[in-house]
Amino acid sequence: MRGMTTIVKTITRIVIGFIFVYGCYIVLFGHLSPGGGFAGGAIIATSFILSRLAFGTTEKQEKNTTVVSSIFESIGGIGFLSVALLGMLFGFYYFQNIISKGIPLRLASAGHILPANIAIGIKVGAALLSIFLGLASTKYIMRD
Amino acid sequence: MQAFYMLLVFMVAAGIVAVEIKDLLAAVISLGAVGFGVAIMFIMLQAPDLAFVQIVIEILAVVFFVAVILKTTHEDETLGRGYTKDDIIPILGFSLFALMFLYLGIKAMISLPSFGNPLMKVASYYIENGLKEVGAGNLVAAVILDYRGYDTLGEATVLFTSVIGVLAILRKEGRKK
Amino acid sequence: MKPLVPLFVVIPLGAAFLIPILSKVWRRFSEIIGGIASASILFLSGYFLFNLRSGIVYPVGGWLAPFGIVFVVDKLSVFFVFVIALIWFLSYLFAINYMDRYTGGWKFYTLFSLMHAGMMGVAITGDLFNLFVFLEIASVSSYALVGFSVEEEGLEAGFKYMVMGEIASLFILLGIAFVYASFSTLNMADISLSLASATKNAVYYFVFALFVFGFSLKSAAFPFHSWLPDAHPAAPAPVSAVLSGVFIKILGIYSLSRIVFNVFGLSRANAPGIFNILLLLGILSIIFAGLAALVQRDYKRILAYSSISQIGYIIAGFGIGNIWGIIGALLHVLSHAMGKGLLFLTSGSVVYRTEERDIEKMAGFGVRMPWTGYSYLFGMLSLSGIPPFIGFFSKLFLLIGAVKQSMYGVAVIFVIFSAVTFAYLLRIENKVFWEKTVKGFSDSPFLMVFSMVILVLLLLVSGLCFSHITKEFVKPAAEVLLRGVLYAKDILGGI
Amino acid sequence: MVVVLGSLLLVLVGIYAILTKKNVMKIVIGFALMEYAINLLFAMVGFKKGAVAPIITSIPPKHNFVDPLPQALVLTAIVIGLGTTAVMLAFALRIYDKTKTFDIDKLRRLKG
């Protein structure tokens, strides 16, 4: 992909950190306010996509990013699955919420919802970035 | 209530534009307009979670569409070349289907509980006990990650599947030479 | 036994998540992990099949029936789970050698495991929306697998399949929206109770029409079949075997029968019209696809049309609606899964050596592949209903069902189209395996031959002890369906 | 009631595109429209007049809440929709790559 003009690059430099932090906030406060792993993960993915679009990438970078994001995707998936299995190993049922509920309306509350949201956030962010790279990259990156 | 009607009219119009316009890029922009209409609708329906996800997903979908169109072609060369004999069957089929669908759908809608008065048989349990049992202030999060967390695992897996599917379809060579 | 239920979904999902990471360490890990997963699932499902006394209701997350999602493992689901696990395991073994010809190995194994997880999820769920989600997992991975060869044929067939499949999925989602709007619950048992007490208004018919349309599109019954003869041949052979063998049955037939019998609580006694429609769909599929298969020239296309025709037998068996018909239909699910799986694997074996699918051009190619040739012969005999293979007994039960319901015309059609099945399968046998013109091929690698031989043995063994299989596994499954709305009492009462 | 009818009309626009349009991208756009419309219809099912979003901000909660369950389901459906759209776009991209056209009349197998 080629990059864009200086105006776009400058604005992107200013905005991109905020978008990323905002995505993280949405993920972390998903159990208290609107949002959650999906919305937050998608926002994080947009920040990465914005940087790719504004600054452009080389073929090598695209390839490396795809490998890294597919690893993160699997990590997110395994993380979520292990949250689910935690209930099965230490409680009675698959997906049982066995982590302590904490004080309602605080950040550290609602048991496994927070770790599950983080895992989903990682997974969704990486997944959407991979789809974007697959569809928009200059060459077919997937040789194997 | 007026706002609902106006938005719906706008969305149906934008949808028709998206389907009928010749330039594919413009069609995608119209699709984006429908998507943002849906997002505003979600806000009016008191569903901020959905509005969040819809806006972000809408942006990403438009980015994906534009990425594909930039790599292929802008123009819908199939439009504007008149109708031939072969087109009659799909159009007739669609009209028949649309009539039946609308007839059954409207009859079904009339016998549903009226708009704005849901039954809430299961949901009232979530509203009463959600905070106590799960500890999450956001009841939607309580439903998607605890009461129905297994669905969310499935949903994350669909996204994972589609990523692997996209990467598999975009391979350069299918078979080894 | 109850704590083991989630493993049916967790093991293939975990394998699918692990393969992308570990395949970067060593390429062969992808095959090993998937193989371990498929073998353990086969073992687990066999354990359930032999030891399950009554149904199990497993509340996910500890939330009871109408509030959370429940897994329901009764005799019917365990039967389907075993069929999936069996065919999946054998086509997996086949794929290890076969996929050497393709690039992108780990993607294939990931998608294959995901498809399996989706089918398992559909088979054991007791919740309508959850069924939709897992149906989408299975469908999306199957679209990608059909296009896996990334050649023109695969891509176009995959796109067409995807258009049809997504229409079906979205209609099912619309149906779920209407169900939720009118009953405010998603648990299938709870819906069934609400439906039983509600009056049959327009919502009832609209939802029923949406579900029947969606699921018969997924199962490729007659008016909705047009995607299957393109999609199944375009896929790599092990995928075709799974798609034709179990995929259309679990997504189409299993879901449809669950919804018709257990959720809507219909039976031939209280809704003869609907059952006649099912019977008609089945008969039309048998006739149309059977005749279409006679004039095809492509090895895998003949088998694909044959799948539609055999799916017609299954739907007609449900349409007959008495216990014999349903036993015949379920037994035919088993026999067709093994038989058609076997035939698609033989096609893969021939294609692996010859890279050719037109039966006119590959005359005599199979003569040097004795294992493949004899496997094809036995698979053909079973599918066209020759004793002592299992295919004979499944068609026999269908016949008995039709005769007991005094539908003699239907019985005659069953018999005639058994002969037609034999005729079109014999064309392949004749052209590919009997004519001796070309020399110089050796048989396929060991694992491919091994999986085909195992399937032949299974066809024979299950045919020889059909009465035991029918009594122990199939009849209880048929009785689950015939219990109708009593299903709801079982689930909500926790069995 | 008329509101729900509007979203059914949007579903029909999507089906119209899928069944009668000859362009691969238009078919994909039709699917996206149909998904939006069904999601919207599903979200309307849970709306309650005079109620607020189901987010508890104070204990004990003061307000009357709308139904949270359809919102959770639609959240799932939206993400599934994006996934299927992405796979479809990948198919479209590769079909163009192989045949240099989006016209399904010119593609061999897509007829019927």
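The values are calculated or read from the model by the stated rules, or taken from the named source; none is laboratory data. All values derive from a computational prediction rather than experimental measurement. So basically every Cβ, Gly included, is an ideal-geometry build from the backbone, and we count neighbours across all protein chains shown.
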Q. Which residues, taken from segment B:72-86, are in contact with a Phe, Trp or Tyr (Cβ under 8 Å, 6 or more places away or on another chain) and either within 14 Å of chain A (Cβ to nearest Cβ) or part of a helix (DSSP H, G or I) (or both)?
A. B:T72
Q: Give the residue, chosen from C:V70, C:V57, that is away from chain B (no Cβ under 14 Å) and either more than 30 Å from C:F446 (Cβ to Cβ) or in contact with a Ser or Thr (Cβ under 8 Å, 6 or more places away or on another chain) (or both).
A: C:V57
Q | Test for D:I78: is it among the hydrophobic types (A, V, I, L, M, F, W, C) and at the interface with chain B (Cβ under 7 Å from one of its Cβ atoms) | A | yes
Q. In segment C:395-409, which residue that is at pLDDT below 90 and crowded, with 16+ Cβ neighbours inside 10 Å is farthest from C:I327 (Cα to Cα)?
A. C:M407
Q) Tell me, which helices (runs of 4 or more DSSP H) lie completely within segment B:87-165 with 1 or more residues that are in contact with an Asp or Glu (Cβ under 9 Å, 6 or more places away or on another chain) and among the aromatic types (F, W, Y)? A) B:123-134
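Would you point out which residue out of B:L24, B:L60 is touching a strand residue (DSSP E or B) at 6+ places or on another chain (Cβ under 9 Å), facing another protein chain (nearest Cβ under 7 Å) and among the aliphatic types (A, V, I, L, M)? Break it down into steps so the answer makes sense when it comes.
Details: B:L60 fails: touching a strand residue (DSSP E or B) at 6+ places or on another chain (Cβ under 9 Å).
So the residue among B:L24, B:L60 that is touching a strand residue (DSSP E or B) at 6+ places or on another chain (Cβ under 9 Å), facing another protein chain (nearest Cβ under 7 Å) and among the aliphatic types (A, V, I, L, M) is B:L24.
Go through segment C:446-480 and report how many residues are free of Cβ contacts under 8 Å to residues at least 12 places away in the same chain and closer than 24 Å to C:G325 by Cβ.
To start, the set of residues in segment C:446-480 that are free of Cβ contacts under 8 Å to residues at least 12 places away in the same chain comprises C:457, C:461, C:465, C:467-468, C:471-472.
Now drop any that are not closer than 24 Å to C:G325 by Cβ, which leaves C:465, C:467-468, C:471-472.
Going through segment C:446-480 one residue at a time, the tally reaches 5.
Mind telling me which of the residues C:L52, C:L18, C:L76 ends up being touching a Lys or Arg at 6+ places or on another chain (Cβ under 8 Å), crowded, with 17+ Cβ neighbours inside 10 Å and without any contact (Cβ under 8 Å) to a residue 60 or more places away in the chain?
Being touching a Lys or Arg at 6+ places or on another chain (Cβ under 8 Å), crowded, with 17+ Cβ neighbours inside 10 Å and without any contact (Cβ under 8 Å) to a residue 60 or more places away in the chain holds for just one of C:L52, C:L18, C:L76, which is C:L52.
Looking only at segment A:6-26, which residues are β-branched (V, I, T) and within 11 Å of chain B (Cβ to nearest Cβ)? If you could, list the steps in order and put the result at the bottom.
Within segment A:6-26, the first condition is being β-branched (V, I, T), and the residues that meet it are A:6-8, A:10-12, A:14-16, A:19, A:21, A:26.
Across segment A:6-26, the qualifying residues are A:I19, A:I26.
If you take the residues in segment D:1-28 that are part of a loop (DSSP other than H, G, I, E, B) and among the charged types (D, E, K, R), which one is farthest from the other protein chains (Cβ to nearest Cβ)? Spell out the reasoning first.
From segment D:1-28, those part of a loop (DSSP other than H, G, I, E, B) are D:1, D:21-22; that's our starting set.
After this cut, where a residue has to be among the charged types (D, E, K, R) as well, the list is D:21-22.
Working: D:K21: 7, D:K22: 4 Å.
Filtering first and then ranking leaves D:K21.
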**Q.** Residues being at the interface with chain B (Cβ under 7 Å from one of its Cβ atoms), not in a loop (DSSP other than H, G, I, E, B) and not small (G, A, S) - total across segment D:40-69
**A.** 8
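Look through D:M34, D:M88 and report the one residue that is touching a residue at least 40 places away in the same chain (Cβ under 8 Å), buried (at least 24 other Cβ atoms within 10 Å of the Cβ), more than 7 Å from chain B (Cβ to nearest Cβ) and of a type outside the set (K, R).
Working: D:M34 fails: touching a residue at least 40 places away in the same chain (Cβ under 8 Å).
Of the residues listed, the single one that is touching a residue at least 40 places away in the same chain (Cβ under 8 Å), buried (at least 24 other Cβ atoms within 10 Å of the Cβ), more than 7 Å from chain B (Cβ to nearest Cβ) and of a type outside the set (K, R) is D:M88.
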Q: For segment B:57-104, enumerate the residues that are modelled with pLDDT under 90 and touching a Ser or Thr at 6+ places or on another chain (Cβ under 8 Å).
A: B:E77, B:D87, B:P90, B:I91, B:F94
Q) In segment C:83-103, how many are among the hydrophobic types (A, V, I, L, M, F, W, C), crowded, with 23+ Cβ neighbours inside 10 Å and under 16 Å from the mean Cα position of the chain (by Cα)? A) 7
Q: Return yes when C:F89 is away from chain A (no Cβ under 14 Å), without any contact (Cβ under 8 Å) to a residue 12 or more places away in the chain and not aliphatic (A, V, I, L, M) and no when it is not.
A: no
Q: Scan segment C:411-418 and give yes if some residue there is modelled with pLDDT under 90, over 25 Å from C:Y92 (Cβ atoms) and hydrophobic (A, V, I, L, M, F, W, C), otherwise no.
A: no
**Q.** Among residues of segment C:212-226, those that are surrounded by fewer than 24 Cβ atoms within 10 Å (Cβ to Cβ) and not aliphatic (A, V, I, L, M), counted
**A.** 6
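Got a number for residues in segment D:48-106 being among the small types (G, A, S) and in contact with a Ser or Thr (Cβ under 6 Å, 6 or more places away or on another chain)?
Initially, segment D:48-106 is screened for residues among the small types (G, A, S), giving D:50-51, D:53, D:58, D:72, D:77, D:81, D:83, D:86, D:90, D:92.
After this cut, where a residue has to be in contact with a Ser or Thr (Cβ under 6 Å, 6 or more places away or on another chain) as well, the list is D:83, D:86.
Looking only at that region, the number is 2.
Taking the condition out of contact with any strand residue (DSSP E or B) (no Cβ under 7 Å at 6 or more places or on another chain), away from every other protein chain (no Cβ under 13 Å) and at positive phi, does C:A220 pass? Working first, answer last.
On the way: out of contact with any strand residue (DSSP E or B) (no Cβ under 7 Å at 6 or more places or on another chain): yes; away from every other protein chain (no Cβ under 13 Å): yes; at positive phi: yes.
So C:A220 fits the description; yes.
Residue check: is C:R258 among the charged types (D, E, K, R), over 30 Å from C:L155 (Cα atoms), outside any helix (DSSP H, G or I) and touching a helix residue (DSSP H, G or I) at 6+ places or on another chain (Cβ under 9 Å)? Full working, then the answer.
Working: among the charged types (D, E, K, R): yes; over 30 Å from C:L155 (Cα atoms): yes; outside any helix (DSSP H, G or I): no; touching a helix residue (DSSP H, G or I) at 6+ places or on another chain (Cβ under 9 Å): yes.
Considered against the rule, which asks whether it is among the charged types (D, E, K, R), over 30 Å from C:L155 (Cα atoms), outside any helix (DSSP H, G or I) and touching a helix residue (DSSP H, G or I) at 6+ places or on another chain (Cβ under 9 Å), C:R258 comes out as no.
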Q: Tally the residues that are under 13 Å from C:L114 (Cβ atoms) and more than 7 Å from chain C (Cβ to nearest Cβ), restricting the search to segment B:118-177.
A: 5
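Just to check your reading of the model, which residue among C:G68, C:G61 is part of a helix (DSSP H, G or I), free of Cβ contacts under 8 Å to residues at least 12 places away in the same chain and closer than 30 Å to C:L193 by Cα?
On the way: C:G68 fails: part of a helix (DSSP H, G or I).
Testing whether each residue is part of a helix (DSSP H, G or I), free of Cβ contacts under 8 Å to residues at least 12 places away in the same chain and closer than 30 Å to C:L193 by Cα leaves just C:G61.
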Q) Here is a list of conditions, (1) over 26 Å from C:A304 (Cα atoms); (2) at pLDDT 90 or above, and C:V242 meets all of them except one; can you say which number that is? A) (1)
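Quick check on this structure: which one of C:F17, C:F29, C:F80, C:F8 is within 13 Å of another protein chain (Cβ to nearest Cβ), closer than 23 Å to C:L186 by Cα and among the aromatic types (F, W, Y)? First the steps, then the outcome.
Numbers: C:F17 fails: closer than 23 Å to C:L186 by Cα; C:F29 fails: closer than 23 Å to C:L186 by Cα; C:F80 fails: within 13 Å of another protein chain (Cβ to nearest Cβ).
None of the others qualify; the one that does is C:F8.
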Q) Just one of the numbered conditions (1) touching an Asp or Glu at 6+ places or on another chain (Cβ under 8 Å); (2) of a type outside the set (F, W, Y); (3) under 17 Å from D:V28 (Cα atoms); (4) more than 7 Å from every other protein chain (Cβ to nearest Cβ) is not true of C:M164; which one? A) (1)
Q: Hey, could you check segment A:47-57 for residues that are free of Cβ contacts under 8 Å to residues at least 40 places away in the same chain and polar (S, T, N, Q) and say which is nearest to A:G3 (Cα to Cα)?
A: A:S51
Q.
Here's a check for you: in segment D:16-31, which residue that is surrounded by 22 or more Cβ atoms within 10 Å (Cβ to Cβ) and of a type in the set (A, V, I, L, M, F, W, C) is nearest to B:N117 (Cα to Cα)?
A. D:F31
**Q.** Residues (surrounded by 16 or more Cβ atoms within 10 Å (Cβ to Cβ) and more than 17 Å from B:V63 (Cα to Cα)) located in segment B:18-38
**A.** B:V19, B:E20, B:I21, B:G37, B:V38
Q) Exactly one of (1) more than 22 Å from B:I169 (Cβ to Cβ); (2) of a type in the set (D, E); (3) without any contact (Cβ under 8 Å) to a residue 40 or more places away in the chain is unmet by C:D190. Its number? A) (3)
